[in-house]
Amino acid sequence: KTHIVWLRADLRLHDNPALYAACQDPQARVIALYIATPGQWQQHDVSGRQLEFIRDGLKLLSEELSALRIPLLYASADSFTDSVSCLTTLCIKHQATQLFYNYQYELNEQRRDRLAEQQLSASGIICEGFHDGTLLPPGSVLTGKGTMYNVYTPFSKALLKVLNTELPECYPSPAVREYPADLAGDEIPCLSPDSQQYDRKLFPPGHRAALQRLRSFSQDKIRDYHRLRDFPEQPATSGLSPYLTTGQISARQCLRRIVHDHPRALSGGDEGSWLNEIFWREFYRHLLVAYPQLCRHQPFTDWTRNIRWQQNDVQFTAWQQGSTGFPIVDAAMRQLQETGWMHNRLRMIVASFLVKDLLIDWRQGERYFMSQLLDGDLAANNGGWQWAASTGTDAAPYFRIFNPRLQGERFDPQGDFIRRWLPELAGIPGKAIHDPHEWAKKNRVTLAYPLPIVDHKQARQTTLQAFETARKGG
Ligand code: FAD
């Protein structure tokens, strides 16, 4: 018997349902397999840095699997369809009897898996898929009418009710194989043509580093999370998103660790506010399965299709490069460009700025984020963008528009975050940094910093008008 484990967004030994199941039969030879799909990744705008992070995670995993006498094979195909042919060929070559994999819930990924099941079944290979990537299987948290919740709060309450009854299982790491496959693992080559680097000190790769980060977050930081989470200069959040996205840690492991360390986390304890974020992640993933149009660049709220977005390449480039003349927006965009990560509050601010101040289509921002983010994830990114653009599930009305300057004053009061990322403003003291040109005028200084590219008040009016017209039918 030969069992092949097809790894995708589940690069870990612990709590990996497919790997665990493949190792249940002590007689079976177990082989792990990873198939790169550069063409598909390009189509999905996966960032070079995320691919580099995946590669590093794979290299570490390969060593660990090899210590368990499980070789990790590597192959490359272009598209998902090609990856299925490649998978079939390899399964036949290695005389696989069974394929194990964890589901992925995005539309193209689901199609790929159906195709793989068809082709392998035709060759007499049994396919077994497992739920992973969420706390509970999508489609299992439903309203009384049996439909998916359209709003977060009732979804999270229903989810909490289930979790308070029973926590989802975490699977242990498999043991050393008695019957090793007589194969050596492959080298893991570079996965991306434009090898964009990421900061390995900030995000050390591998599932062990992820578990370590979770442990220390749970012990040291989670208590203050609810108080400090909105201030980008504070290192108050977990920084686990790249690991969760690439499956170097599971949401179930996060939940279990927090509940273990803080037994009141699911019943009103302050630590619950962090779990709430894990629930947002869960919500957007369940939503994607219930509404597959979200994977096809469609808005959740139908009438917002009528919005006439502005095509303005100059302003879009200024936003990308962090030269809009709005300090908090520019500092955030530079943080993204340099590290591939951005604080959640800042993601909301810059997304709101692109959509509500520049009236640029949220899909342009969504795409750019994917191409830069280390944690780029279709469900969370799409959810975040549609939230900011008021085209999504959010209950907040479209006329709630962030004022970028006030957001800066509120969440970076002394301007420390801005000063860190915009060296050209480093000489401006304290709060004055939020209106740098006013300060420069008073102090008769010339700044090497652009003037604001829009007038916020005016932009707000234009946007309200555009949304109002769209709501009336365009
Ligand atoms: P923590 O505050 O420690 O949160 C813990 C975990 O909860 C995160 O790692 C993440 O998995 C999840 N989470 C937190 N906030 C959210 C949220 N609002 N929606 C969904 N999940 C959440 N997150 C991504 O993982 N990938 C993305 O591509 C992504 N794009 C976004 C785009 C926009 C416009 C916005 C507003 C948010 C986006 N988010 C995305 C959500 C959020 O900003 C990040 O998950 C968070 O900043 C990651 O930092 P952290 O791990 O320190 O978070």
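With the checklist (1) more than 20 Å from Tyr449 (Cβ to Cβ); (2) within 12 Å of the ligand (Cβ to nearest atom); (3) crowded, with 23+ Cβ neighbours inside 10 Å in hand, flag the one item Ile349 doesn't pass.
Just one mismatch for Ile349, condition (1).
Which pairs have Cβ atoms under 6 Å, sit 6 or more apart or on different chains, and link a residue in the stretch 366-377 that is over 8 Å from Trp341 (Cα atoms) and of a type outside the set (Phe, Trp, Tyr) to one that is within 6 Å of the ligand (Cβ to nearest atom) and assigned to a loop (DSSP other than H, G, I, E, B)?
Listed pairs, sorted by first residue: Met370/Gly376.
Here are the criteria: (1) at pLDDT 95 or above; (2) farther than 30 Å from Gln42 by Cβ. Tell me which single one Tyr179 does not satisfy.
Against the list (1) at pLDDT 95 or above; (2) farther than 30 Å from Gln42 by Cβ, Tyr179 comes up short only on (1).
Check Cys190, Cys170 and return the single one that is surrounded by 15 or more Cβ atoms within 10 Å (Cβ to Cβ) and closer than 22 Å to Pro242 by Cβ.
Working: Cys190 fails: surrounded by 15 or more Cβ atoms within 10 Å (Cβ to Cβ).
That would be Cys170, the only listed residue that is surrounded by 15 or more Cβ atoms within 10 Å (Cβ to Cβ) and closer than 22 Å to Pro242 by Cβ.
Any residue at all in the stretch 95-114 that is touching a residue at least 12 places away in the same chain (Cβ under 8 Å), of a type in the set (A, V, I, L, M, F, W, C) and in contact with a Pro (Cβ under 9 Å, 6 or more places away or on another chain)?
We begin by selecting, within the stretch 95-114, every residue touching a residue at least 12 places away in the same chain (Cβ under 8 Å); these are 95-109, 111-113.
Now narrow it down to the ones that are of a type in the set (A, V, I, L, M, F, W, C): 96, 99-100, 107.
Going one step further and asking which of them are in contact with a Pro (Cβ under 9 Å, 6 or more places away or on another chain), we end up with 100, 107.
Yes, the conditions are met somewhere in the stretch 95-114.
From the residues in the stretch 336-346 that are crowded, with 22+ Cβ neighbours inside 10 Å and over 18 Å from Leu244 (Cα atoms), which one is farthest from the ligand (Cβ to nearest atom)?
Leu336
Inside the stretch 325-392, counting only helices (runs of 4 or more DSSP H) that do not spill past its ends, which hold 2 or more residues that are over 28 Å from Asp435 (Cβ atoms)?
Working: elements: 327-339, 344-352, 362-372, 378-389.
Output list reads 362-372, 378-389.
Return the residue satisfying two criteria in turn: it lies in the stretch 363-390 and is more than 6 Å from the ligand (Cβ to nearest atom) and under 18 Å from Gln461 (Cα atoms), and of such residues it is nearest to the chain's Cα centre (by Cα).
Looking at the filtered set, the residue picked out is Ala389.
Counting only residues that are near the ligand (Cβ under 9 Å from one of its atoms), without any contact (Cβ under 8 Å) to a residue 60 or more places away in the chain and assigned to a helix (DSSP H, G or I), how many does the stretch 231-272 have?
2
Among the candidates Phe326, Phe353, single out the residue that is touching a Lys or Arg at 6+ places or on another chain (Cβ under 9 Å) and aromatic (Phe, Trp, Tyr).
Numbers: Phe353 fails: touching a Lys or Arg at 6+ places or on another chain (Cβ under 9 Å).
Within the list Phe326, Phe353, the selection yields Phe326.
Residues to consider are Phe279, Phe326, Phe316; find the one that is among the aromatic types (Phe, Trp, Tyr) and either on the phi > 0 side of the Ramachandran plot or within 13 Å of the ligand (Cβ to nearest atom) (or both). Please lay out each step first, then the result.
On the way: Phe326 fails: either on the phi > 0 side of the Ramachandran plot or within 13 Å of the ligand (Cβ to nearest atom) (or both); Phe316 fails: either on the phi > 0 side of the Ramachandran plot or within 13 Å of the ligand (Cβ to nearest atom) (or both).
None of the other options fit; the residue is Phe279.
Among the residues of the stretch 78-98, is there at least one that is touching a helix residue (DSSP H, G or I) at 6+ places or on another chain (Cβ under 9 Å) and in a strand (DSSP E or B)?
Taking every residue of the stretch 78-98 in turn, at least one turns out to be touching a helix residue (DSSP H, G or I) at 6+ places or on another chain (Cβ under 9 Å) and in a strand (DSSP E or B).
The values are calculated or read from the model by the stated rules, or taken from the named source; none is laboratory data. None of the values given here were measured: they were computed from a predicted structure. Neighbour counts are summed over all protein chains in view; Cβ atoms, including those assigned to glycine, are modelled from backbone coordinates with ideal geometry.
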